[in-house]
Every structure is written in C-alpha cells, then in structure tokens.
1. Please find, within the range A:93-115, the residue that is nearest to the ligand (Cβ to nearest atom) out of those that are part of a loop (DSSP other than H, G, I, E, B) and touching a helix residue (DSSP H, G or I) at 6+ places or on another chain (Cβ under 7 Å).
2. Those residues that are crowded, with 17+ Cβ neighbours inside 10 Å and at the interface with chain A (Cβ under 10 Å from one of its Cβ atoms), I need them from the range B:118-142; list them, please.
3. Return the residues of the range B:130-142 that are at pLDDT 95 or above and either closer than 18 Å to residue B:65 by Cβ or more than 9 Å from the ligand (Cβ to nearest atom) (or both); say none if nothing qualifies.
4. For residue A:118, indicate whether it is buried (at least 18 other Cβ atoms within 10 Å of the Cβ) and in contact with a helix residue (DSSP H, G or I) (Cβ under 6 Å, 6 or more places away or on another chain).
5. In the range B:1-31, what residues are at pLDDT below 90 and not in a helix (DSSP H, G or I)?
6. With respect to residue A:172, is the statement that it is assigned by TED's automatic domain parsing to the domain that holds residue A:281, on the phi < 0 side of the Ramachandran plot and in contact with a helix residue (DSSP H, G or I) (Cβ under 7 Å, 6 or more places away or on another chain) true?
7. Would you check if residue A:69 is surrounded by 14 or more Cβ atoms within 10 Å (Cβ to Cβ), in a strand (DSSP E or B) and in contact with a helix residue (DSSP H, G or I) (Cβ under 9 Å, 6 or more places away or on another chain)?
8. For the condition closer than 21 Å to residue B:28 by Cα, away from the ligand (no atom under 11 Å from the Cβ) and buried (at least 16 other Cβ atoms within 10 Å of the Cβ), what is the one hit in B:73, B:59?
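The values are calculated or read from the model by the stated rules, or taken from the named source; none is laboratory data. Not measured: the values here are computed from a predicted model. FYI the Cβ positions are ideal-geometry reconstructions off the backbone, even for glycines, and counts take in every protein chain you see.
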Ligand SMILES: [Zn+2]
C-alpha cells in the first residue's frame, strides 16, 4: 500500500493489521513517541476541515514527527490557479507524506501521480473519506470486539453522506452483518449501493423511515448530519433537518449495549442529553480516529516499531 | 442491393442497426477521399438487422473507441480482395478522452489538463465509471 484514497483499497487483513497496530499504540503509547522522528507530514487542506486536520497533525506529533501545510485554499497556491499535480509535486519535495483535503472529487487520486510520497485522502468533496471510516471501524471493533453478526443502523442523510457509503462498503465484507437504513425518502442511499453491493452479496437490509421502530434491533446506530450544503434549496433543508433527532427518550427501546456513532460535527441530530449515556461513542470515535491515523502513517512510511 | 467488392480496405460488420451513421461520424469517414459505403438495415442472422460500413482503403482504426461504442462489431481487413484479418471487438477496460465526466464536483471539471478516464466496472451492464469521482459514464452504450 502506497496511498490511501478509498477505504476499499484495504483488504480485511490489511484493515485488521491497522487495527492491531492502533490497539498496540493505545496500550503502549511511549513505544511510539519517537517513531516518526525527523519525518514531516504535509496537511494540504484546499477546503477547511479543522477537525480532520487537527487529528492528522496530532497523530503525527504523537509519533514524534513534524507538520507543515495549509488549512484553506486561499492561503495556498491553488488560489493563484496552480494545478493539484504541480502543488503536490512541490510539496512532495519537502514532506514525507501528504494528507490532502479537496472540495473536488478525485483530487487526491490526481495527487498520487506526481507527489512522489504517500498521499492520504482526507476527504474529497462528497466522495471518499477513508480515515473517517478507519475511525468508525476502530470504534466498532473496540465496542463490539469484532465486525461479525452485527445489526447496523445508519440514520439521517444516507444519500449524500460519504461516510455512510464507505462504511456500508467496508462492513459488507463481514459475516452476519445486517443493515437498517433509516432516512427520509428523499435522502435514501443511492440505488447502486443496493444493486451493486448489498443485493449481489445477499446481505440483509431494510430501508425504513422510522428511527424509533428500528431502534430495538440495533447493535450499532450510526447517526449523520443532514448537511445544508448538500441541498439545492433552503426549504428542503429546513423541512428535513430535524426529522431524525436522537433523544434519551428514543433510546429507551434500544439495546443495553448499543453503540452510538456519529462522524461529527453534530448540529442537533443527537440531543446533548444523550452525551452522558454510556452508549454514546462519538467522542471516543474522535480519539480512535487519531489512533488509526497514527497506524496509517506508520504503515505508509514503512516505519517498523 | 449489391455493393461492389473491395480490393483493399475495411469492412465493419455487425454494427448495431441504426448506429452506422454515428460510427461514420465518429471515425471521421466523411473526411476520406476513398469509396465509403454505408449500408443500413442489412439482414443479419445474429441480430435480425445490422448496419455495415465498407471503406475502400486500409485506415488506422481506434479499436478502443469502436469497441466502446459498439462492442459487437466485427472488423474485416481486406487485402488483394481477400480477408486478411478479422477482429471481434469487445468493451475496453478503460476509455480515455472519448467521453467526458459530467459531474460538476469532479476534479476534471476544474482541471482542464486532466484526461477523462473511465473504467469498466460491470461488463454485463456495460457500466463505466469515472476513475476520479466514480460517476457512471454518460450513456453511449445501450
Ligand atoms: Zn468524474
């Protein structure tokens, strides 16, 4: 593995290797404190995403490495019209690894051609965001002890939510996984997820509109934000944004060991009152994201610890 | 109807009926000085009806483009009045700069230098996706 552009580049074995590494980092952080000494990570964020950028930077610092980069396009050469290929070729001269966020789909793939160093996709428009999926998967692994025989509820914007599509793809490779897809009609998963992924593999799924009705069956509930920027008009957004709000009340019917995940930031789709519930895992997910990014950086830089 | 035999040239056979003119245009056959015959709705054992194009000269053909537009085509190269070579086309694994990605969020929409590349993801469904954004290719193939 030279780059990580799409989560499906990783086999389940490679994924397990990253998870094992992350678990070892969690158990023995001191062992990794100087693992990337003298190495530089470039965070090239052509659109702002403070959380993702900080997670990559924290990951590199905890490995004893350094960080360079920019956090928005107008402070970079892209604002002067430089191509992605030229920008990363330049950066590749300074950095040992690149984490790149870009508003256009496929930009990180373009970057891999000229960077000369490993490129990690830190989100490309509405397309892929593999390190978010790594965070999700480590969280599931730590909460559930594995990936098999789980009933997996995904709720909210399943149409535009890129994290949802990656997660369904990644989870569909494990035995005994069932999906409950909870969304308004307008925001259902794209058809190809059903016709190209779930149906050919005979994976059980249900498309439903009621979060409450689905709740008792779920082992994992993955909540997503209904994002304003994905809508073409304000009226549609206002009508749909409050449809699926998770409250302590709705959780009464849930399993005792449900794990509630959310890629964050949340707006109001999970009531703050849920935060103290032991089943709320979304802040653990943030921390898990850092550990998986550390594991990924080690793997791509081929650092042996 | 009888169309004269070719001594040296190319016969594109088993063209999907109705698609002959598109292929004529895409291959730029209107620009050739040699004899070109377009036969529409010929009887076909395999398909019922087919189109045929006869070109009175051996020209360079892009089999990738042809295979993408109409994978059922048979290309017969005629030399000295005899069949010298026969190619059965198939859908190419990749097509470059034949079709353009229409997704406004795709990197190809802002970076003019990039080649538009599509990868065959499902041969049965004849489905191609953009290698950058994975949008399905605009339909040329039925
Ligand atoms: Zn595209």
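1. Going through the range A:93-115, the residues part of a loop (DSSP other than H, G, I, E, B) turn out to be A:93-96, A:103-104, A:106, A:115.
Restricting the remaining residues to those that are touching a helix residue (DSSP H, G or I) at 6+ places or on another chain (Cβ under 7 Å) gives A:104, A:106, A:115.
Working: A:104: 9, A:106: 6, A:115: 20 Å.
Ranking the candidates gives A:106 first.
2. Selection gives B:127, B:129, B:130, B:131, B:132, B:133, B:134, B:135, B:136.
3. Those that are at pLDDT 95 or above and either closer than 18 Å to residue B:65 by Cβ or more than 9 Å from the ligand (Cβ to nearest atom) (or both): B:130, B:131.
4. When the stated conditions are applied, residue A:118 passes them.
5. If the condition is that a residue be at pLDDT below 90 and not in a helix (DSSP H, G or I), then B:1, B:2, B:3, B:4, B:5, B:6, B:7, B:27, B:28 are the ones that fit.
6. Details: assigned by TED's automatic domain parsing to the domain that holds residue A:281: yes; on the phi < 0 side of the Ramachandran plot: yes; in contact with a helix residue (DSSP H, G or I) (Cβ under 7 Å, 6 or more places away or on another chain): yes.
Taking the combined requirement at face value, the residue satisfies it.
7. Taking the combined requirement at face value, the residue satisfies it.
8. None of the others qualify; the one that does is B:73.
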